[in-house]
Amino acid sequence: MRRVMTLGSIDGATIAIIVAAGRGERAGGDIPKQFRRIGGRAVLAHAFDRLVEHSEIDGILLVTGEGQEQAVMEAMGGRSPIATILGGATRQKSVRAALEHLASAGSPSTVLIHDAARPFLSSAVIDRLLGALDDAKGAIPVLPVVDTIALGDNVLGEVVDRSVINRVQTPQAFAFAEILAAHRLWSAETDATDDAQILRAAGHDVALVMGDRMLEKLTLPEDFSAAEKVFAGSRSMRTGMGYDVHRLVEKEELWLCGIQVPHDKGLSGHSDADVALHALVDALLGALAEGDIGSHFPPSDPQWRGAASWRFLEFARQRVEARGGVISHVDLTIICERPKVGPYRDAMRARVAELLGVSIGRVSVKATTTERLGFTGRGEGIAAQAIATLSLPDIE
């Protein structure tokens, strides 16, 4: 596997397109459904994580709607697609725009087109889709219809043979050149809600692979309630604790919670010595049972000399995401006599929330003193304690 970091390196790559430009009015609420949260994360973030975690996907292009830029930034929480573009008035036009954007930059070999409103994508479905492309130019996941299907309006009509009917899901996988050409041939007057039909209209066969009931599209308010229950029922809560201390010295900058705080002294350490972020990193790693900050970023390694501590926190957040985890809440306590933390508390909370990709309501930052007792009381250093609460998939 190779990860594509820019559009300039997509030749021969497998790229996923996430279509997230809709308004989702049927889902209810005052925000589009791709930005609503399940288990503390936006639906869009769930879909992105499932795709980016797959070893055969080299990069992700995100299609969003006009005026949704801020909502996308908040939903993604620091996640980085290779590009984010504006979609069109219809889904077909949004996909066409994404394909043309990729074509202007290079020649990927394969593209997966996925609806953001299907967040719980399994790697097995992706495996089946990519495998089917060995013998076809397109492949889609489907589920059999188990209910009786009948025609009719107010009066029951003829029963339809359900054995020849399938429920179509996404992502849909295609050879890039063929799906791009098919979209270019598609009539601009005819709307298409399904890319497989566009490829089929261009004369190509589309292979069918088994889908997944977890891939149900979130459309109505009750869909979100059901998804929340499924998400919560398959998970357990984990708590980790972190503690760190650094000395205060002259001629150093003082960084706390990723914010530079004006003070006559700064903290001494191998990195920027942000004692609060260091404690939080240890809390997150502790909840994962994955060691501590020193085991991943040893002080003996020169590459971390003077490093910004947000890089360590970003690593811890990525480890949580790689395990399928969700950060439910973090609580930080900074212990010092000076400087006063209060004037900077809101900025600290906002910065930590940004780094963790969570809402600010899930971040607590407090400060206390030791009544002039001990090294913190004498102004010799600053200490910090942190507790992180995670939701993780149940481990067998």
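How much space per residue, in cubic angstrom, does the convex hull of the C-alpha atoms of the chain take up?
176
Considering amide H positions built from the backbone, and no H for Pro or chain starts, which residues 5 or more places from ALA207, or on another chain, come under 5 Å of its amide H?
It is GLY138, ALA139, ILE140, by chain and number.
Sort CYS336, CYS257 so the one with the fewest other Cβ atoms within 10 Å of its own Cβ comes first.
CYS336, CYS257
Within 10 Å of each residue's Cβ, count the other Cβ atoms and sort HIS114, HIS263 from fewest upward.
So the residues, fewest neighbours to most, are HIS263, HIS114.
For the chain, take the longest principal axis of its alpha carbons; what is the angle in degrees between that and the long axis of helix 123-132, to the nearest 10 within 0 to 90?
Value to nearest ten degrees: 40.
Compute the long axis of helix 310-322 from its Cα atoms, compare it with the longest principal axis of the Cα atoms of the chain, and write down the angle in degrees, 0 to 90, nearest 10.
40
Once R0 is set to 45 Å, what does the formula 1/(1 + (r/R0)^6) return for the Cβ-Cβ distance between ASP292 and MET214, expressed as a FRET efficiency to the nearest 0.05?
After rounding to 0.05, the efficiency reads 0.85.
Helix 43-52 versus the longest principal axis of the chain: what is the Cα-based angle in degrees, 0 to 90, to the nearest 10?
The angle comes out near 90 degrees.
I'd like the Karplus ³J(HN,Hα) series for the stretch 259-270: coefficients 6.51, -1.76, 1.60, θ = phi - 60°, whole numbers in Hz, and an x wherever there's a Gly or Pro.
10, 7, 10, x, 6, 7, 9, x, 8, 9, x, 5
Rounded to the nearest 20 Debye, what is the dipole magnitude of the stretch 236-393 about its Cα centre when Lys and Arg each give +1 and Asp and Glu each give -1 at the C-beta?
That gives a dipole near 300 debye.
Eight or more residues apart or on different chains, and alpha-carbon atoms under 16 Å: count the Lys pairs in the chain matching that.
Total qualifying Lys-Lys pairs in the chain comes to 5.
Once you put a point 7 Å from the Cα of THR6 and another 7 Å from the Cα of VAL249, both along the Cβ direction, what distance in nm separates them?
Spacing of the two 7 Å Cα→Cβ label points: 3.7 nm.
Could you work out the helix-only [θ] at 222 nm for the chain, with each DSSP H run of four or more residues adding -39,500 (n - 2.57) and the total divided by the number of residues, to the nearest 500 deg cm²/dmol?
-9000 deg cm²/dmol
Neighbour counts of other C-beta atoms within 10 Å: give me ARG41, ARG362 arranged from fewest to most.
So the ranking, lowest neighbour count to highest, is ARG362, ARG41.
Test of understanding: what is the full-extension gain from ASP346 to ALA150, defined as 0.36 nm times their sequence separation minus their Cα-Cα distance?
Result: 64.7 nm gained on full extension.
Calculate the spin-label point distance for SER163 paired with GLU69, positioning each point 7 Å from the Cα along the beta-carbon direction, and give it in nanometres.
Going by the 7 Å Cα→Cβ label model, 5.6 nm.
7 Å from Cα along Cα→Cβ at both ALA89 and ARG184: what's the point-to-point distance in nm?
2.4
Every read-out reported here was derived from the displayed coordinates using simple, explicitly stated rules and does not represent laboratory data. Keep in mind that what you see is a predicted model, and the values were worked out from it rather than measured. All Cβ positions, even for glycine, are placed from backbone atoms using ideal geometry, and neighbour counts span all protein chains on display.
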